[in-house]
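See structure below.
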Amino acid sequence: MEKEKTFLGQPRGLSTLFFTEMWERFSYYGMRAILVYFMYDAVTNGGLGLPKGTAVAIMSIYGSLVYMSSIVGGWVSDRLLGSNKSVFYGGILIMFGHIVLATPLGIPALFVSMMLIVIGTGLLKSNVSGMVGHLYSKEDVRRDAGFSIFYMGINIGGLLAPIIVGILGQKVNYHLGFSIAAIGMFIGLVQYYVQGKTTLKTVATEPTNPLTAAEKKSFFRNIIIVLVVLAVIFGGAAAAGYLSVDFFINCISILGIFLPVYYFTKMLRSKDVTADEKKKVLAYIPLFLSAIVFWSLEEQGSSILALFAADRTQASLFGISIPASLYQTLNPLFVVLLTPVFVWLWTKLGDRQPRTEVKFAIGLILAGLSFVLLMFPSVMFGVDQRVSPLWLVFSFFIMIAGEMCLSPVGLSVTTKLAPKAFEAQTLAIWLLADASSQAINAQIARFYTPQTEGAYYGIVGGVAVVVGIILFMARKPIRKLIGNIH
């Protein structure tokens, strides 16, 4: 028999999806590395000239919308297009989003680009991981290794992006940086289309639960209703003179809080959820709220910490010049370095390793301490003096150590505690924690100024530490609700 062609011992389709996701993350993290600087930089320097507080709030809302759109992207795949087509169309929208951002059309281009990239990322990001799973049978022992390889593709893209896009964007021209991000997504699309014809021709080509004719009528009717409601809200705001960037930010912030409340209320009141399942939902709520607090701090790496990198750190380290955007490599770099360390640690501890709720508490406390650390530069040196970049490096290190305790087990516990009737929506609920955190960030980031820097880091970090301690103290009642799930 002819020997099967593989990619690092895995199905060849993994190669296609590996590089598609790598280039998508390259384009997204490249854009994200310079976007906040582009928004608040002076128009004479090629920026938009927005206030820093507004720029940071827009970054947070952007991230929130990306995670919210993943819910829609998963639904479109399941009911309309299938994952295969959803990933391709999503990549096209992302590429055009970066192209629009590369044009010198100012603030209108920013919001058109945001819309395209948000929808495109929702279609691609929520489906490409699912396609990896389709490459393996349930009995295939290569599955976990395959996902590990795929995960490395994400981090390779995240590592390369700030180095290439960030340096070109900050040192040469912002629009050149956005153009490189567009080219990266184009390369990913070409290899997905060409290579996928062979390696993915039978993978997730049809929706798993297509809409019936009656459901299609209802779907398009609901779309029209939603569009009318949006037109009334924003049209009314425009007529009353309230339509502004801040109005848009506040609307998304409200939505980010409303969606998880809606989901949990729906589950707890559903007749399809058993009494035992409701106990597990109640156990999941404090973990979900803790995740919101954690991601609120972690996601400020591309906004508040980006400002710290640009305004408060020295321009060089050990004699090497470092553009502010380059600090965005620290997150994926430490993920790559620390993942094998924590895998070894949990394996070594075996049954003695901390329970899920304790890991969450440790992750939260570490995240809080990473912010508390950044309180000291302003206390020790004032806010007018630039400090060593090592403050920021150590802050990122502590944060990612916390992420290793919380993020990998988050999705796992979400699926284990979810009611059977809501099993398909569990990933969406976990993603909503990140969406809600960034909706909150859009509001609290307004309090960050050079004068309030120390207090901001101390208070935000302190809140996370306190929440982590409370979660640890509540571990026994939470464990009682969880039962024997570990």
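Report the local net charge at Ser321: Lys and Arg +1, Asp and Glu -1, summed over other residues whose C-beta lies under 15 Å from its C-beta.
That works out to +2.
Would you mind estimating how fast the range 337-480 diffuses translationally, via Stokes-Einstein at 4 °C and 1.567 mPa s with the Kirkwood radius over Cα pairs, in µm²/s?
Rounded, D is 76 µm²/s.
In the structure shown, do any of Lys416/Lys476; Lys280/Lys359; Lys271/Lys480; Lys85/Lys197; Lys85/Lys125 have a Cα-Cα gap over 20 Å, and if so which?
Result: Lys271/Lys480 exceed 20 Å.
Rank by packing, highest mean first: peptides 256-269, 354-367, 205-218, 445-458, with packing defined as the count of other Cβ atoms within 10 Å averaged across residues.
Per-residue mean Cβ counts within 10 Å order the peptides as 354-367, 445-458, 256-269, 205-218.
Note down the magnitude of the dipole of the chain about its Cα centre, charges +1 on Lys and Arg C-beta and -1 on Asp and Glu C-beta and zero elsewhere, to the nearest 20 debye.
Charge dipole of the chain: 1020 debye, to the nearest 20.
Let me spell out the model: positive unit charges on the Cβ of Lys and Arg, negative unit charges on the Cβ of Asp and Glu, origin at the Cα centre of the range 270-485. What dipole size does that give, in debye rounded to 20?
The calculation lands at about 800 debye.
At 222 nm, what helix-only mean residue ellipticity would the chain give, in deg cm²/dmol to the nearest 500, using -39500 (n - 2.57) for each DSSP H run of four or more?
-25000 deg cm²/dmol
If r is the Cβ-Cβ distance from Val228 to Thr274 and R0 is 35 Å, what FRET efficiency results, to the nearest 0.05?
The calculated FRET efficiency here is 0.35.
Using packing as a proxy for protection, rank 107-116, 61-70, 78-87 so that the peptide with the highest average count of other Cβ atoms within 10 Å comes first.
Those peptides, ordered most packed to least, come out 61-70, 78-87, 107-116.
Quote the accessible area belonging to Leu471 in square angstrom, nearest 10, computed with a 1.4 Å probe and with ligands, DNA and RNA left uncounted.
Rounded to the nearest 10, that gives 10 Å².
Give the span of the range 1-210's Cα atoms along each principal axis, as three whole-Å numbers ordered largest to smallest.
Here the spans come out as 66, 35, 26 Å, largest first.
Sum up the charges of everything whose Cβ sits under 15 Å from the Cβ of Ser437, counting Lys and Arg as +1 and Asp and Glu as -1, but leave Ser437 out.
Counting the neighbours of Ser437, the net charge comes to -4.
Per residue, how many Å² of accessible area does the chain show with a 1.4 Å probe?
Here the residues of the chain average 46 Å² of exposed surface.
Multiply the residue gap between Ser244 and Arg386 by 0.36 nm, knock off their C-alpha separation, and tell me the result in nm, one decimal place.
Extra length available between Ser244 and Arg386 comes to 47.7 nm.
Rank-order 26-38, 298-310 by packing density, defined as the average count of other C-beta atoms within 10 Å over each peptide's residues, highest first.
26-38, 298-310
Counting only residues 5 or more places away or on other chains, whose amide H sits under 5 Å from the amide H of Val387 once H atoms are built in the peptide plane?
Here Thr313, Gln314 satisfy the definition.
Taking square-rooted eigenvalues a ≥ b ≥ c of the alpha carbon gyration tensor, is the range 225-267 rounded, prolate or oblate, where a/c under 1.5 means rounded and, failing that, a/b exceeding b/c means prolate?
Verdict is oblate for the range 225-267.
Can you list which of the DSSP-assigned H helices in the chain have a Cα extent of 24 Å or more along the long axis and an average Kyte-Doolittle score of at least 1.6?
356-373, 453-473
Divide the volume of the convex hull of the Cα atoms of the range 1-80 by its number of residues and quote the answer in cubic angstrom per residue.
Dividing the Cα hull volume of the range 1-80 by its residues yields 144 Å³.
At each listed q (0.07, 0.08, 0.09, 0.13 Å⁻¹), what is the log10 of I(q)/I(0) that the Debye formula gives for the chain modelled as equal alpha-carbon point scatterers?
The Debye formula, applied to the Cα set alone, gives -0.37, -0.49, -0.63, -1.42.
So, counting K/R as plus one and D/E as minus one, what does the shell of residues with Cβ under 11 Å around Met399 add up to?
-3
What ranking of Cys251, Cys405 comes out by heavy-atom accessible area, probe 1.4 Å, highest first?
Listed by decreasing accessible area, they come as Cys251, Cys405.
The values are calculated or read from the model by the stated rules, or taken from the named source; none is laboratory data. For clarity, every value in this text was computed on a predicted model and none was experimentally measured. Please note: Cβ atoms are built from the backbone with ideal geometry, for glycine as well, and neighbour counts cover all protein chains shown. Note: areas computed on protein heavy atoms with side chains; ligands, DNA, RNA excluded. Shrake-Rupley method; radii C 1.70, N 1.55, O 1.52, S 1.80 Å.
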